[in-house]
Every structure is written in structure tokens, then in C-alpha cells.
1. Do any helices (runs of 4 or more DSSP H) entirely within the range 7-117 hold 2 or more residues that are farther than 23 Å from E127 by Cβ, and if so, which?
2. Among the candidates V81, V108, which residue alone is under 16 Å from S2 (Cα atoms) and in contact with a helix residue (DSSP H, G or I) (Cβ under 7 Å, 6 or more places away or on another chain)?
Amino acid sequence: LSIEDPFAEDDWSAWQQFMQVAPKRLQVLGDDLLTTNLNRLNKAIAENSANAILIKANQNGLVTSTLNVLKQARANNFNTVVSARSGETEDSWLADLATGWRAGQIKVGSTHGSERTAKWNRLLELEATEESSFANPFN
């Protein structure tokens, strides 16, 4: 179970208070709060303001910097969700990135729209050809 951006991006105290009462199994996902930014992630870690991060490569600007954010999140037991952004194309590279980085989760939207379907199809192709499998959350 996941909740994304339950509070304003700079309302750190609300995030902290929520984390104190949130069920441990709840994924409290920072998107606008963390903006794939290492400094904001480090603050969230220090202040226990979230336990998961949305990773957007084109939000950070550099693939290497984005990977550093993902590594820091993982090192501090944050769940990581590689995410598409609005205005995406049919290019499926994001599926490869999420799989290669072993992000654990990907957010690309429903299968409505060819730009989304391309990514889902690539994930299915990766599962069929690579030594990877996708977890079924309903098992």
C-alpha cells in the first residue's frame, strides 16, 4: 500500500508527524517532497519524513546523479520507484533503467496510451528474456 505526496512539498513537520503514526507497511512516497534530489533525500532520511522515493531521471538532470540518489535511498532502506513524467514518448528506455537498476517498482501509468503501453510491453519482454521476474502483489 502506498501514498504519494500526502502533504505540501515544504511541510516537513507534517511529513514527520505522519511518519510517526503511519503503519510500518505503508509506503510513504516522496515525489514533490524529494524531487530526485540528494540533499532533499538526505534531509528526509535525517528527519524520518518518508520511506520511499519517486525517481525521475529527467527531473534530476543527469543519469549518474539520479543513480546516486537511488543508491542513497536504498542504503537507507527507502523503497525506490522509477517513474515516467508527463509528456513521455513511446520510447521504452525507462523500463530498462528500472530493471537494470533493480529499482523494485516502476510508475508509468495505465495501459491507456501508446507511450505507456510501450513501457509495459518492454517490461514483459524483459521478464521473458532476462533472469528477472515481477512480483505479483496480489499473491
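1. On the way: elements: 12-21, 38-47, 57-60, 63-75, 93-100.
The helices (runs of 4 or more DSSP H) meeting that bar are 12-21, 38-47, 57-60, 63-75.
2. On the way: V81 fails: in contact with a helix residue (DSSP H, G or I) (Cβ under 7 Å, 6 or more places away or on another chain).
The match here is V108.
Computed from the coordinates by the stated procedures, all read-outs in this text should not be read as laboratory data. These figures come from a predicted structure and were not determined experimentally. Please note: Cβ atoms are built from the backbone with ideal geometry, for glycine as well, and neighbour counts cover all protein chains shown.
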